[in-house]
Amino acid sequence: MCGIVGYAGTRPALDVLINGLKRLEYRGYDSSGVALFFEGKIEIQKSQGKVENIERLLQQLPAERKNAYRVGIGHTRWATHGKPTTQNAHPHRTGHVVLVHNGIIENYLEIKQELIAKGHRPASETDSELFGFLVLDAMDGGLGLVEAVRMSFLRLHGSCSVVVMSEKEPGMVVGVRNGTPLVAAADEQGGGVIASDAQPIIEYSRDVYFLEDGDMVIATEKGLTFSEIRLGQPVRRTPIHVDWSIERLDKQGFDHYMLKEIHEQSVTVVDTLNEMLDRAKADPFPLAARPGAELLSSASDMTLVACGTSWHAALLGKYWLERFARVPVSVDYASEYRYREPVLQPRSVVVGISQSGETADTLAVIKDMKRRGVGTIGLTNVRGSTIAREVQASFHTSAGPEIGVAATKTFTAQMLSMLLWAGHLGVKRKTLPPTMAVRLFDDVIRLPLLLNDLLARDGALVRATKEIAEKVRNSKGFFFMGRGYSFPIALEGALKLKEIAYVHAEGYAAGELKHGPIAMLDESMTVVVIAPKDTWRDKSVSNLEEVRARGARIIGVGSAGDTQMERLSDFWIPVNTAGLDEGLSPFLTAPVVQLLSYYLAVLKGTDVDKPRNLAKSVTVE
Ligand code: F6R
C-alpha cells in the first residue's frame, strides 16, 4: 500500500519526487524517503512520518544542489514488514543498488536465509531490502541493471512492485509491476515518470500507461521503454488518456480534502450521471450501451463483493436492485467471500465494487471468478485500475480524484451507479412500472440540486453539524441506527467516525438495538437516529423512544418538517426529502453523517485526511 515515484528526465527531479509523494501519501504515511543521483552517486534522505519531514530535511541543501538532480526515486510507506522507523523507510541501499518497493515478498524468509548464508547482512527489518541484495549479486555476476532486476524479480513470490536504480548505470530508473499497481508516462519535456498511480503523473502527461502484471518499464532522459519480465522481450503498451484536471487535486480553500470532497458531491452526481447514461435517449434510466450493461441484463442473480465503505454502498445496491429490478442479490465482504464455497448459477454475475480498483481481497474474488468462468463486473473510480482491467466488463464512477483517505464522494458515486443499474434493469425487465420509472428518474435528476442546497458552504447543515459536534464531543461512544435505506448509512456513519475521529462507534439496524446493544446506553452515550419519512420511519421513532428512556443523547436525522422527530431529539438535523422517492434518502443522509464525523474529528485534532493506521488503497490481505 506504499506509494512509489521514479523520475529520469530534464526537470528538477527533487520537485517531481516530492510533489509526487505528496499526491501519494494517501497510500501510506508511516515514513518516506527519496534517493537522487548527484555526480554519479546516489544520495538518500529518509525519515519517519510524513513527506513534510523529508522536505524539512532537504531544505538544508543549497538551492543549486536541489535544482541539479535529474534522476531519482521516492517512497511513502505503510508498514507491513518492520516498524515504521527511519531505518525501515525506503529507499534502501545495497551497495550501488538503491530501490523502493510496494507490496509483499512472500518468500522473503527463504531469500533472507540464502543471503545471510552468502555473507550479506541486511540492515533493515524489511522484505524490500532483500531484493536489493539479489540485484547487487546479479550485477556483480556481470548482468546490467535491467537484466539483473528482471532475473531477481523472477525469484519473488507475492504481489509487489519495485523501482530500482544503480550507481553503475546512472540516468536510468527501472520499474517492475506484479500485482500492485504501477503506472508510467513519458514526460512531454523529455524523460519518463513512474508511480503507483496517475496522480503524480498528470502534471507531466495525461496519457498514462497502466503496466500489466509482469511488465517492466525503463525511464531515461529519452523517455520510456517497456518489456515483459519472463523473457525480457520488448512489449508495446497503449496509454489511457486520464481526464482528471490538476485543479481537482487541490483543496480549493477547504481546510481538508475530505471536506472539499464532501462538498463536491453534487458535481459527483452530475459527472456520474454523464458517465453512466446515454442522455440522447428519452427513456428513463438510459444506461449507455456497453458490455457491462449487457452482462447486467443477462444476470440471473448478482453477488456484490466489496470492503469497507464500498460494502455499505453494495448493501444499498442490493436494496435498489431487488426492489426495482427484482434480481436476487447477495452482498459479501470480499475477504470472506474469497475463502467460501459460494453456490453460483450459470448466469450468475459477481460485481466487485472498489473506489481504488486495487483492493486485494476484492481483486482476489474477481480473479477467482474469472478462473471459474463466472461473469464479472467492476465498479471503480480509477480507469485502468487492476480491478477495472481484470473484470469482464467495467463501469467507472467519475467521482474524480478522492484524496482524503476516508471515502465520501466515491461512496455517493457508487450508490448512484447501482441505483442507475437497478432503474435500467427495472425498465428492461418491466419490473419497474413506466410511470414509476419516470418519476424515479426525475427524482434522480433532482439530486444534484438537492445536494447543492444541502451542502452550501456555510449553510444550515454545516452549521448544525459543527455545533452538534461541539456539544457531543465528549460522549463515551456513539451508536448510529437506521432501518431500510438508512441502515447502511448508519453503518457508514459509524465507520467514518471511527476511522477519522478515533471514537468508538457502532452502526446498527434500529430493530437490532434491543437484542443486546441497548444495554450499553446511558447518559454518556450519543445515538444518531437516521429516520427520514419512509416505510420504516414510525418503527425507528419507537426505537428512538427506547433510546430516550435510557438517557442517551439523541441526534435525530430526518425529513424537514418532521416535528415529532424534532421534539424527541436532543439535536435535530433535517434534510429535504419532500416528494422524493424514499429509496433516494441515502444521498441526503450520507453527507450528514460524513460532516458530523468530519467536525468531530476536527475537534479531536486528528489528521483528518490521513488518519492513523489507514491507507486509501489496501493492496494487502
Ligand atoms: C472508508 C474507506 C475504506 C474503503 C475500503 C475499500 O472510508 O475508505 O473502508 O472503503 O478499504 O476500499 P476500495 O473501495 O478502494 O476497495
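Residues in the range 160-178 that are farther than 19 Å from Y26 by Cα and either without any contact (Cβ under 8 Å) to a residue 60 or more places away in the chain or open to solvent by 10 Å² or more (accessible area, probe 1.4 Å) (or both): 10 in all. Residues in the range 311-325 that are out of contact with any Gly (no Cβ under 8 Å at 6 or more places or on another chain) and open to solvent by 10 Å² or more (accessible area, probe 1.4 Å) were compared, and the one that is farthest from the ligand (Cβ to nearest atom) is E322.
Taking the stated definitions as given, is A198 touching a residue at least 40 places away in the same chain (Cβ under 8 Å), within 20 Å of the chain's Cα centre (by Cα) and not in a strand (DSSP E or B)? Yes; evaluated as a whole, the condition is true for this residue. Quick check: is even one residue across the range 532-543 closer than 26 Å to R27 by Cβ and touching a residue at least 12 places away in the same chain (Cβ under 8 Å)? Checked against the condition, which is being closer than 26 Å to R27 by Cβ and touching a residue at least 12 places away in the same chain (Cβ under 8 Å), the range 532-543 yields no hits at all.
Let me spell it out: the conditions are (1) open to solvent by 10 Å² or more (accessible area, probe 1.4 Å); (2) of a type outside the set (V, I, T); (3) farther than 22 Å from T268 by Cβ; (4) more than 27 Å from the chain's Cα centre (by Cα), and F441 meets all of them except one. Which number is the exception? Just one mismatch for F441, condition (3).
A search for C-beta distances below 7 Å between a residue of the range 430-457 that is under 14 Å from R323 (Cβ atoms) and any residue that is in a loop (DSSP other than H, G, I, E, B) and open to solvent by 90 Å² or more (accessible area, probe 1.4 Å), counting only pairs 6+ apart in sequence or on different chains, returns T431/R326. Residues that are away from the ligand (no atom under 16 Å from the Cβ) and not in a helix (DSSP H, G or I) occur at least once in the range 290-299. So, T272, is that one in contact with a Cys (Cβ under 6 Å, 6 or more places away or on another chain) and modelled with pLDDT under 95 or not? No; evaluated as a whole, the condition is false for this residue.
Polar (S, T, N, Q), within 13 Å of the ligand (Cβ to nearest atom), within 17 Å of the chain's Cα centre (by Cα) and open to solvent by 10 Å² or more (accessible area, probe 1.4 Å): which single residue out of T380, T359, T408 fits that description?
Working: T380 fails: open to solvent by 10 Å² or more (accessible area, probe 1.4 Å); T408 fails: open to solvent by 10 Å² or more (accessible area, probe 1.4 Å).
Being polar (S, T, N, Q), within 13 Å of the ligand (Cβ to nearest atom), within 17 Å of the chain's Cα centre (by Cα) and open to solvent by 10 Å² or more (accessible area, probe 1.4 Å) holds for just one of T380, T359, T408, which is T359.
For first residues located in the range 264-281 and in contact (Cβ under 8 Å) with a residue 12 or more places away in the chain and open to solvent by less than 50 Å² (accessible area, probe 1.4 Å), partners that are of a type outside the set (A, V, I, L, M, F, W, C) and not in a helix (DSSP H, G or I) and lie 6+ apart or on another chain with Cβ distances below 7 Å form the pairs D271/S398; D271/G400; T272/T397; T272/S398; E275/H396; E275/S398; L277/P286.
When we screen E25, E39, E64 for residues that are at pLDDT 90 or above and either more than 17 Å from G171 (Cα to Cα) or surrounded by fewer than 23 Cβ atoms within 10 Å (Cβ to Cβ) (or both), the only hit is E39. Tell me the residue from L491, L495 that is in contact with a Ser or Thr (Cβ under 8 Å, 6 or more places away or on another chain), on the phi < 0 side of the Ramachandran plot and within 16 Å of the ligand (Cβ to nearest atom), please. Unique residue meeting the criteria: L495.
Of the residues examined, I240 is not one that is of a type in the set (V, I, T) and out of contact with any strand residue (DSSP E or B) (no Cβ under 7 Å at 6 or more places or on another chain). Taking the conditions (1) open to solvent by less than 10 Å² (accessible area, probe 1.4 Å); (2) assigned to a loop (DSSP other than H, G, I, E, B); (3) at pLDDT 95 or above in turn, L580 satisfies each one other than (1). Applying the condition of being closer than 25 Å to L145 by Cβ and under 27 Å from the mean Cα position of the chain (by Cα) to the range 220-252 and asking which residue is most open to solvent (accessible area, probe 1.4 Å) yields R237.
Scanning the range 385-405 for residues that are open to solvent by 10 Å² or more (accessible area, probe 1.4 Å) and away from the ligand (no atom under 13 Å from the Cβ), we see that the one that is modelled with the lowest pLDDT is S398. For I518, the requirement of being of a type outside the set (F, W, Y) and away from the ligand (no atom under 14 Å from the Cβ) is met. Residue-level analysis places V331 outside the set of residues that are in contact with a Phe, Trp or Tyr (Cβ under 6 Å, 6 or more places away or on another chain) and either free of Cβ contacts under 8 Å to residues at least 12 places away in the same chain or within 16 Å of the ligand (Cβ to nearest atom) (or both).
Only helices (runs of 4 or more DSSP H) wholly contained in the range 459-565 count here; list those with 2 or more residues that are under 19 Å from M415 (Cβ atoms).
Numbers: elements: 460-472, 486-501, 537-549.
Result: 486-501.
The lone criterion from (1) within 21 Å of A195 (Cβ to Cβ); (2) among the hydroxyl-bearing types (S, T, Y); (3) open to solvent by 50 Å² or more (accessible area, probe 1.4 Å) left unmet by Y108 is number (1).
Quick one: is I202 more than 26 Å from L249 (Cβ to Cβ), surrounded by fewer than 24 Cβ atoms within 10 Å (Cβ to Cβ) and among the hydrophobic types (A, V, I, L, M, F, W, C)? Outline the logic, then answer.
Numbers: more than 26 Å from L249 (Cβ to Cβ): no; surrounded by fewer than 24 Cβ atoms within 10 Å (Cβ to Cβ): yes; among the hydrophobic types (A, V, I, L, M, F, W, C): yes.
Here the answer is no, as I202 does not meet what is asked.
Determine whether G426 is under 28 Å from Q355 (Cα atoms), in a helix (DSSP H, G or I), open to solvent by less than 50 Å² (accessible area, probe 1.4 Å) and away from the ligand (no atom under 16 Å from the Cβ).
For G426, the condition - under 28 Å from Q355 (Cα atoms), in a helix (DSSP H, G or I), open to solvent by less than 50 Å² (accessible area, probe 1.4 Å) and away from the ligand (no atom under 16 Å from the Cβ) - is met.
Among the residues of the range 112-144, those identified as in contact (Cβ under 8 Å) with a residue 40 or more places away in the chain, buried (at least 20 other Cβ atoms within 10 Å of the Cβ) and not small (G, A, S) are T126, D127, V135, L136, M139. I'd like to verify a number: residues in the range 334-356 that are under 22 Å from T431 (Cβ atoms), open to solvent by 10 Å² or more (accessible area, probe 1.4 Å) and within 14 Å of the ligand (Cβ to nearest atom), how many? Total satisfying the criteria: 0.
The values are calculated or read from the model by the stated rules, or taken from the named source; none is laboratory data. These figures come from a predicted structure and were not determined experimentally. Because the Cβ atoms are built from the backbone with ideal geometry, glycine has one as well, and the counts that use them run over all protein chains shown. Quick note on the areas: whole protein, heavy atoms, side chains included, nothing else; ligands and nucleic acids left out. Shrake-Rupley method; radii C 1.70, N 1.55, O 1.52, S 1.80 Å.
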